[in-house]
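Okay, so here's the structure we're looking at.
The values are calculated or read from the model by the stated rules, or taken from the named source; none is laboratory data. Small disclaimer: the values here were computed from a predicted structure and weren't measured. Glycine also receives a Cβ, built like all others from the backbone with ideal geometry; neighbour counts cover every protein chain displayed.
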Amino acid sequence: MNIPFKKTEPTKLEEELDRLLTELHNEEPDSERYSAIADQVAKLYKLKEVDSKNNLSKDAVLSSISSILGIALIVGYEHGHAVTTKAFSFVTKNR
């Protein structure tokens, strides 16, 4: 089974974060180098947060697909049968 949202390789940003965190682990907490590395890690985490906001969430995609399928089922049923109600009010709206 192919999972479309599964990441296969870490990004360069994640690799750099891993490298810096390894260096941070090897430093003494009261050293100057420790605070410099910690500042760089904080900056990279902010970049990672901005980068991750560009991706679609799995919940949003699943909600959209289920809404489209619901609309298709209702329209298909209405095409074959006379329904006088507003069937689209049953479909959930994306938030």
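What to note about this one:
- Filter result (among the small types (Gly, Ala, Ser) and modelled with pLDDT of 80 or more) within region 45-62: Ala60
- Close pairs from region 25-44: first free of Cβ contacts under 8 Å to residues at least 40 places away in the same chain, partner outside any loop (DSSP other than H, G, I, E, B) and among the hydroxyl-bearing types (Ser, Thr, Tyr), Cβ under 7 Å, at least 6 apart: Glu27/Tyr34; Glu28/Tyr34
One line per residue, one yes/no per condition, for (1) modelled with pLDDT of 85 or more; (2) out of contact with any Lys or Arg (no Cβ under 6 Å at 6 or more places or on another chain); (3) loosely packed, with under 10 Cβ neighbours inside 10 Å:
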{"residue": "Glu28", "(1), (2), (3)": "yes, yes, yes"}
{"residue": "Glu32", "(1), (2), (3)": "yes, yes, yes"}
{"residue": "Ser35", "(1), (2), (3)": "yes, yes, no"}
{"residue": "Ala38", "(1), (2), (3)": "yes, yes, no"}
{"residue": "Ser64", "(1), (2), (3)": "yes, yes, no"}
{"residue": "Ala72", "(1), (2), (3)": "yes, yes, no"}
{"residue": "Ala82", "(1), (2), (3)": "no, yes, yes"}
{"residue": "Asn94", "(1), (2), (3)": "no, yes, yes"}
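- Residue count, region 8-17 (criterion: exposed (fewer than 11 other Cβ atoms within 10 Å of the Cβ) and of a type in the set (Asp, Glu)): 1
- Selection count, region 9-24, where residues are in contact with a helix residue (DSSP H, G or I) (Cβ under 7 Å, 6 or more places away or on another chain) and touching a residue at least 24 places away in the same chain (Cβ under 8 Å): 4
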